[in-house]
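K.L.:
Below you'll find the structure I mean.
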Amino acid sequence: MMTPLRTLDIGFMPLVDSAPLIAAARLGLDRANGLRLRLHRQASWAAIRDRLLSGELDAVHAMAAMVYGVQTGIGGPRADLAILMGLNCNGQAITLSPALADACSGDRPLADVLRALPRRPVFAQTFPTGTHAVWLYYWLAAQGVDPNHGIDVVTLPPPQMPDAMARGELDGFCAGEPWGAQAEAMGAGRRVIRSGQLWPGHPEKVLACRRETAALQPELALALTKTVLEACRWLDDPAHHPDVVAWLSEPDAIGVPAACIAACLHPSEDERPGEGLRFHAGGDANFPWLSDGRGFLRQFRRWGWLPAAPAKDDDWLRDVHRLQTYREAARALGVAVPVRDERESVLFDGVRWD
Amino acid sequence: MLRVLLVNDTDKPIAELREALLALGYDVLPETAGRSAGLLMAVQRQQPDVVILDVDSPSRDMLEQLAMLSRQAPKPVVMFASDGDDRLIRDALGAGVAAYVVDGLAPARLAPILRVAMARFEQQSHVRQKLDDLEQQLRDRKDIDRAKGVLMDKRAMNEAEAYAALRQQAMRQGLRLADVARRIIAMADLLG
């Protein structure tokens, strides 16, 4: 007799980087691992978080930074979470209004251009402790703009950003694709830096679950990690893109035209190798690097979201990052794993993160 | 009078609550276009006491930002969910933003629900404020100890003398003890 499949309820946001979860279910990779993934599209990151915490969802598509935000209880509930693996790297962008982009294209520093605006500059990100907030703040600060003073930073749902920019309500925003591309297509804005240029190979979305699931049901966590890791590997083969594009453009997935999604999967001309959206990258996009977690926490403290603390982060970061489960899943699939749990990254301003 | 902001940006007929709320004597603020940028301005400008929105509203992340930025004046949020979301109700009650999730949209149930949400919210803000105060006290205590250490080290004072010197400086400059301590620490860092 066959063992019955274990059903898991998975939440996702309608974004291109939810592809690994959608592909895993469409390809039947879940069943091969004794699981049945039921996907539930959500309207906000807050809803994803609340439903994960309440147990209504078993695992979610989450922004990497958001997991540490919940773990440390910044601006909302605190809970013990786990990161099973990364879902993708790169693939986000910072977009400026055309006037601002023009003004910055010469030698004029952004800080000067912003000071010359007739009103307080307004920038948007997608969640207060999300990756887009971190990338935006980092980019602004690297150009001498203090994101905590003199400008307004607001949270908006990304599908509303291009319109808000066209109406003149936003001077800049940071979001995942296709929203920067959409703003460009409308003539409402111009992408001035891709996230993969800001930090080549940066962690973006992750597969997250409650800590108790990862710790008390290790076989389940392993089966889920294997399922999604296999989907990520499958996704990096360009020959499979037509299938992915068709699935993602369906109304219950993302529901935007196929051409728009296809454009996000193709490397753009100005991107160098390692800067474009990848779901696997030989496993580099999936390994839950401990050092990435430290990097996010440093930024949280830099902007005063977290109080300065003794460097005890590593103790609990090891509980959040399920390295052992990931290594086991990768071994089973023949995916290469690094020897060390940390990596060293160099960001666009030459600063080293490790 | 309680000022209520209705956010109507999903299929659920939140706007239909307007009449019921008015009948209950609440001040219902002018509706926003339902777009987040407009909503953000509405919240900042009109300062509602309660925000009511659908649990599946895309504007929820924007309200998260408000909860994080304005710790001194966060807004209680009442969320409407479809029937049978029992687990969500329990969770929402434990969440940082005081939230009360309601099955369906029965106007008759609004008044007690809003009262509970407000009470719960006030209680939570109070607890959070107390926690913030405690954390601040701890930080102050640590900095004062460090500053005492600096004085003992550099000025060869004993602990009581160092403390007395700190207090005297604070009184002379009209500053809090912890602020004087922080200045001394910063200066010591600078001078090495």
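K.L.:
Within region A:181-195, which residues are closer than 13 Å to A:Trp139 by Cβ and of a type in the set (Gly, Ala, Ser)?
P.N.:
Initial filter on region A:181-195 (closer than 13 Å to A:Trp139 by Cβ): A:191-195.
The one that is closer than 13 Å to A:Trp139 by Cβ and of a type in the set (Gly, Ala, Ser): A:Ser195.
K.L.:
For A:Val256, which of the numbered conditions (1) within 27 Å of A:Val192 (Cβ to Cβ); (2) part of a helix (DSSP H, G or I) fails to hold?
P.N.:
Checking A:Val256 against (1) within 27 Å of A:Val192 (Cβ to Cβ); (2) part of a helix (DSSP H, G or I), the one that fails is (2).
K.L.:
Looking at region A:80-97, is at least one residue of a type in the set (Ser, Thr, Tyr), buried (at least 20 other Cβ atoms within 10 Å of the Cβ) and either more than 14 Å from chain B (Cβ to nearest Cβ) or touching a Gly at 6+ places or on another chain (Cβ under 8 Å) (or both)? Lay out the reasoning, then the answer.
P.N.:
First, pick out the residues of region A:80-97 that are of a type in the set (Ser, Thr, Tyr): A:95, A:97.
Then keep just the ones that are buried (at least 20 other Cβ atoms within 10 Å of the Cβ); that gives A:95, A:97.
Those still in the list that are either more than 14 Å from chain B (Cβ to nearest Cβ) or touching a Gly at 6+ places or on another chain (Cβ under 8 Å) (or both) too: A:95, A:97.
Yes, the conditions are met somewhere in region A:80-97.
K.L.:
Among (1) without any contact (Cβ under 8 Å) to a residue 24 or more places away in the chain; (2) in the same structural domain as A:Arg26 (by TED's automatic domain parsing), where does A:Ala223 come up short?
P.N.:
That leaves (1) as the condition not met.
K.L.:
Ok, one more. I'm checking my understanding of the structure. Among residues of region A:304-322 that are crowded, with 17+ Cβ neighbours inside 10 Å and under 21 Å from the mean Cα position of the chain (by Cα), which one is farthest from B:Leu138 (Cα to Cα)? Write out each step before concluding.
P.N.:
Quick first cut of region A:304-322, residues crowded, with 17+ Cβ neighbours inside 10 Å only: A:305-306, A:313, A:317, A:320-322.
Then drop every residue that is not under 21 Å from the mean Cα position of the chain (by Cα), which leaves A:305-306, A:317, A:320-322.
Details: A:Trp305: 18, A:Leu306: 15, A:Leu317: 24, A:Val320: 27, A:His321: 30, A:Arg322: 33 Å.
Among those that are crowded, with 17+ Cβ neighbours inside 10 Å and under 21 Å from the mean Cα position of the chain (by Cα), it is A:Arg322.
K.L.:
Out of region A:13-59, which residues are surrounded by fewer than 23 Cβ atoms within 10 Å (Cβ to Cβ), under 21 Å from A:Val245 (Cβ atoms) and within 14 Å of chain B (Cβ to nearest Cβ)?
P.N.:
Matches in region A:13-59: A:Pro14, A:Arg41.
K.L.:
Please give the number of the condition A:Ala47 fails out of (1) closer than 15 Å to A:Leu207 by Cα; (2) free of Cβ contacts under 8 Å to residues at least 40 places away in the same chain.
P.N.:
Of everything listed in (1) closer than 15 Å to A:Leu207 by Cα; (2) free of Cβ contacts under 8 Å to residues at least 40 places away in the same chain, A:Ala47 misses just condition (1).
K.L.:
Just the residues that are among the hydrophobic types (A, V, I, L, M, F, W, C) and either away from chain B (no Cβ under 14 Å) or closer than 27 Å to A:Arg327 by Cα (or both), please, taken from region A:60-79.
P.N.:
Pass one, region A:60-79, residues among the hydrophobic types (A, V, I, L, M, F, W, C): A:60, A:62-67, A:70, A:74, A:79.
Within region A:60-79, A:Val60, A:Ala62, A:Met63, A:Ala64, A:Ala65, A:Met66, A:Val67, A:Val70, A:Ala79 qualify.
K.L.:
Which residues, counting only those in region A:324-354, are among the aliphatic types (A, V, I, L, M) and either part of a loop (DSSP other than H, G, I, E, B) or crowded, with 17+ Cβ neighbours inside 10 Å (or both)? Give the steps one after another, and end with the answer.
P.N.:
The first filter runs over region A:324-354 and keeps only residues among the aliphatic types (A, V, I, L, M), leaving A:329-330, A:332-333, A:335-337, A:339, A:346-347, A:351.
Matches in region A:324-354: A:Ala329, A:Ala330, A:Val335, A:Ala336, A:Val337, A:Val339, A:Leu347, A:Val351.
K.L.:
Within region A:226-241, how many residues are under 10 Å from A:Pro20 (Cβ atoms) and either outside the structural domain of A:Ala25 (by TED's automatic domain parsing) or of a type in the set (A, V, I, L, M, F, W, C) (or both)?
P.N.:
Residues flagged as under 10 Å from A:Pro20 (Cβ atoms) and either outside the structural domain of A:Ala25 (by TED's automatic domain parsing) or of a type in the set (A, V, I, L, M, F, W, C) (or both) within region A:226-241 amount to 6.
K.L.:
Based on this model, can you work out whether A:Ala19 counts as in contact with a helix residue (DSSP H, G or I) (Cβ under 7 Å, 6 or more places away or on another chain), modelled with pLDDT of 95 or more and under 18 Å from A:Ala214 (Cβ atoms)? Break it down into steps so the answer makes sense when it comes.
P.N.:
Numbers: in contact with a helix residue (DSSP H, G or I) (Cβ under 7 Å, 6 or more places away or on another chain): yes; modelled with pLDDT of 95 or more: yes; under 18 Å from A:Ala214 (Cβ atoms): no.
When the stated conditions are applied, A:Ala19 does not pass them.
K.L.:
Which one of A:Gly295, A:Gly255 is assigned by TED's automatic domain parsing to the domain that holds A:His40, at pLDDT 90 or above and of a type in the set (Gly, Ala, Ser)?
P.N.:
On the way: A:Gly255 fails: at pLDDT 90 or above.
On inspection, the qualifying residue turns out to be A:Gly295.
K.L.:
Looking only at region A:229-243, count how many residues are in contact (Cβ under 8 Å) with a residue 60 or more places away in the chain and within 18 Å of the chain's Cα centre (by Cα).
P.N.:
Of the residues in that region, 5 qualify.
Residues are listed down the side, and each one gets a yes or a no for (1) of a type in the set (S, T, N, Q); (2) in contact (Cβ under 8 Å) with a residue 60 or more places away in the chain; (3) assigned to a helix (DSSP H, G or I):
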| residue | (1), (2), (3) |
| --- | --- |
| A:Thr227 | yes, yes, yes |
| A:Val245 | no, no, yes |
| A:Leu248 | no, yes, yes |
| A:Ile261 | no, yes, yes |
| A:Cys264 | no, yes, yes |
| A:Glu275 | no, yes, no |
| A:Gly282 | no, no, yes |
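The values are calculated or read from the model by the stated rules, or taken from the named source; none is laboratory data. Just so it is clear, the structure is predicted and the values come from calculations on it, not from any experiment. With ideal geometry, Cβ positions are generated from the backbone for all residues, glycine too; neighbour counts draw on all protein chains shown.
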